[in-house]
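Some notes on the structure that comes next.
Read the figures in this text as sums done on the coordinates, not as results from a lab. Keep in mind that what you see is a predicted model, and the values were worked out from it rather than measured. Here Cβ is always computed from backbone atoms with ideal geometry, including for glycine, and neighbour counts include all displayed protein chains.
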Amino acid sequence: MSKQDKNNLTFEQAMSRLEAIVAELDGGSLPLDASLALFSEGAELVRFCNQSLEKAKLKLDELFPDTARMDSSLDE
Amino acid sequence: MLTITVSQLNRYVKAVLEEDPRLREVYVRGEIAGLVRHRTSGHYYFKLADEGGSVKAVMFSRYAQVLEFEPADGMAVLARASVGVYEREGAYQLYVTEMLPDGAGALAVALAQRKERLAALGVFDPANKKPLPPFPRKIGVVTSKSGAALHDIRTVIERRWPLCTLVLCSAQVQGKDAPASLKRALETLDKAGCDVLLLARGGGSAEELWCFNDEELVLAVHRCRTPVISAVGHEIDYTLCDYAADARAPTPSAAAEMAVPDRQEMFRRVRELEGKLQKSAESQIALRRQMVARLASHPALRSPRGVVERYKEKVDICHKALYNSKRIFIQRLEHQLAKEAGLLDSLSPLRVLDRGYCMVLQKDVPVTRASSLQVGDEVELRFSDGSAKAAVTQAAGEVSG
């Protein structure tokens with residue numbers, strides 16, 4: 001996994017890749033070095049997922065309706 | 001005595017009635033009876049009745065076609081009308097311009113009829129409902145900027161799934177401008193690349209929530225390309241937006257819960273996958289260890305001497321084979337040699353001696369030329385059966401040819 005990939009990785013992608021790796025390792029028909037490569041990629045993904053979950057901070061944004069910018073001040 | 005015609009009378013009464021300003025705009029409450037809709041013109045003809053009496057009424061099609069409900073016999077209504085006279089029959093009647101279902105459940109009737117109309121357009125069709133994304137990254141919220149709904153949604157998402165961006169597009173959530181304002185906000189967010197939209201409003205009276213039954217707004221919800229979760233009012237409140245949305249939540253908080261996964265559950269899931277990863281790596285190693293153990297217990301590795309013995313046998317066999325083939329080779333050579341010797345023998349000069357020739361040797365060297373001999377030289381004459389000594393008595397050149 002290159003650095004670029006890792007930066008663009010979403011939590012969803014990381015999870016689905018992790019699930020795929022676990023399924024592939026469960027199959028058990030891979031040569032040892034391929035298994036070990038998958039294992040280390042999986043461990044990397046686990047770290048990424050845990051970090052994403054731990055460090056996430058909700059971002060807030062606001063958009064204004066196309067035509068009526070002043071509406072929000074008249075609320076309720 | 002003054003006499004007038006029927007027409008004159010009717011015209012006079014009509015003029016009297018129409019002059020009275022109180023009869024130009026009246027609100028009349030009553031039940032519809034004998035309703036007929038003219039097939040071609042679309043005008044409604046009926047009577048408004050109560051226990052004490054009835055009055056004829058007409059509603060021309062240009063008013064009838066904007067009715068929010070379908071009038072029917074027996075329905076209690078409130079009609080806005082002017083009073084006039086139909087001269088041909090000498091009958092006074094109401095010219096109705098607006099009509100609303102009257103009394104308890106009137107709004108419910110209108111709502112039910114609107115719902116039926118929208119349902120016929122497929123607006124509530126379950127087949128059109130879009131699935132909610134499992135891990136939304138951008139969540140659009142249409143609600144009031146100052147309402148409790150926004151606070152509730154934000155609190156829930158902050159706790160459950162802070163891995164996303166919450167985009168607010170605020171709108172008026174009650175009053176007559178609310179439907180258009182909500183619709184604009186919804187359409188704005190639908191174009192903003194959100195994964196899911198929340199249309200939310202806190203609790204309120206049925207009248208306050210009424211704007212969420214607006215036909216244009218409901219159609220806008222239906223048209224959204226982004227999945228919409230509707231959460232208007234409390235558990236018991238249902239609006240047409242709830243039916244048109246892809247999912248309905250009983251409250252804004254519940255809508256937020258519905259929109260995002262739970263962080264704690266994801267932690268568990270990641271841990272579970274990590275455990276599986278670990279276990280499968282361990283079992284891979286255990287499998288290899290077993291293979292090594294199986295190979296180690298193989299007789300070849302357990303008693304290497306046996307292998308050496310077996311190879312020694314093989315070497316012996318090879319050795320013997322080699323030896324045999326060497327012997328055969330030598331025999332073949334000997335045989336060939338004997339054959340060649342026989343041939344050689346047949347060509348031997350000794351055989352010539354048998355036929356009466358004799359070989360002259362000087363000091364064991366054959367003499368081939370007469371000129372090599374001098375008088376007095378001793379030579380050996382070899383015959384086939386032996387040799388004799390002789391001396392040269394005359395040298396070469398002395399012999400006359």
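Annotations for the structure displayed:
- Near B:Cys164, the amide H atoms lying under 5 Å from its own belong to A:Lys59; only residues 5 or more places off or on other chains count, and H is placed 1.01 Å from N.
- Residue order, fewest to most surrounding Cβ atoms within 10 angstrom, among B:Arg271, B:Arg369: B:Arg369, B:Arg271
- Largest-first principal axis extents, alpha carbons of chain B, Å: 221, 58, 34
- Using a Förster distance of 56 Å, the FRET efficiency for B:Leu9-B:Gln113 (Cβ separation, nearest 0.05): 0.85
- Restraint check, A:Lys55/B:Lys276; A:Lys59/B:Lys279; A:Lys57/B:Lys145; B:Lys14/B:Lys176, Cα-Cα greater than 32 Å: A:Lys59/B:Lys279; B:Lys14/B:Lys176
- Integer Hz, Karplus 6.51/-1.76/1.60 couplings in order for the stretch B:225-230, x for Gly and Pro: 7, 8, x, 10, 10, 9
- C-alpha long axis of helix B:263-296 to longest principal axis of chain B, angle in °: 20 degrees
- FRET efficiency for A:Thr10 and B:Asn128, using Cβ-Cβ distance with R0 set to 35 Å, rounded to 0.05: 0.80
- Fewest-first ranking of B:Trp161, B:Trp210, using other Cβ atoms within 10 Å as the exposure measure: B:Trp210, B:Trp161
- Stretch gain in nm, segment B:Lys312-B:Val16, where the contour uses 0.36 nm per residue and the Cα spacing is subtracted: 92.3 nm
- Computed extension length for B:Arg369-B:Asp385: 3.4 nm, one decimal, from 0.36 nm per residue of separation with the Cα-Cα distance subtracted.
- In Hz, Karplus ³J(HN,Hα) per residue of the stretch B:352-362 (6.51, -1.76, 1.60; θ = phi - 60°; x = Gly, Pro): 5, 4, 4, 8, x, 7, 9, 9, 9, 10, 10
- Annotation: amide H-H contacts under 5 Å for B:Arg248 (H modelled 1.01 Å from N, sequence separation of 5 or more, or interchain): B:Ser230.
- Environment charge at B:Leu132 (Cβ cut-off 10 Å; Lys +1, Arg +1, Asp -1, Glu -1): 0
- Axis angle, to the nearest 10 degrees, between helix B:178-190 and the longest C-alpha principal axis of chain B: 10 degrees.
- Lys, Arg +1 and Asp, Glu -1 on Cβ, resulting dipole of the stretch B:128-261 about Cα centre, debye, nearest 20: 580 debye
- Contact order for chain B, expressed relative to its length and based on alpha carbon pairs under 8 Å spaced 6+ residues apart, stands at 9 percent.
- Angle between chain B longest axis and helix B:6-19 axis [Cα atoms, degrees, rounded to 10]: 70 degrees
- Rg/Rh for the stretch B:128-261 stands at 0.92; both radii use Cα atoms, and Rh follows the Kirkwood definition.
- Over the protein assembly as shown: helical MRE at 222 nm, DSSP H runs n ≥ 4 each giving -39500 (n - 2.57), nearest 500: -14500 deg cm²/dmol
- Pairwise Cα separations in the protein assembly as shown fall into 10 Å bins from 0 onward with the following percentages, short to long: 3, 12, 12, 10, 9, 7, 6, 5, 4, 4, 4, 4, 3, 4, 4, 3, 2, 2, 1, 1, 0, 0, 0.
- At the listed q of 0.15, 0.17, 0.29 Å⁻¹, the Debye profile of the stretch B:351-391, built from one uniform point per Cα, gives log10 I(q)/I(0) equal to -0.34, -0.43, -1.04.
- Proxy reagent accessibility, fewest Cβ within 10 Å first, across B:Met1, B:Met75: B:Met1, B:Met75
- At R0 = 56 Å, FRET efficiency that the Cβ-Cβ distance of B:Phe329 and A:Leu32 yields, to 0.05: 0.60
- Exercise: per-residue mean of other protein chain Cβ atoms within 10 Å, A:30-41: 2
- Taking 0.36 nm per residue of separation and subtracting the Cα-Cα distance, full extension of the segment from B:Glu207 to B:Arg80 would add 43.5 nm.
- Ranked by the mean number of other Cβ atoms within 10 Å of their residues, highest first, the peptides B:249-255, B:361-367, B:172-178, B:45-51 come out as B:249-255, B:172-178, B:45-51, B:361-367.
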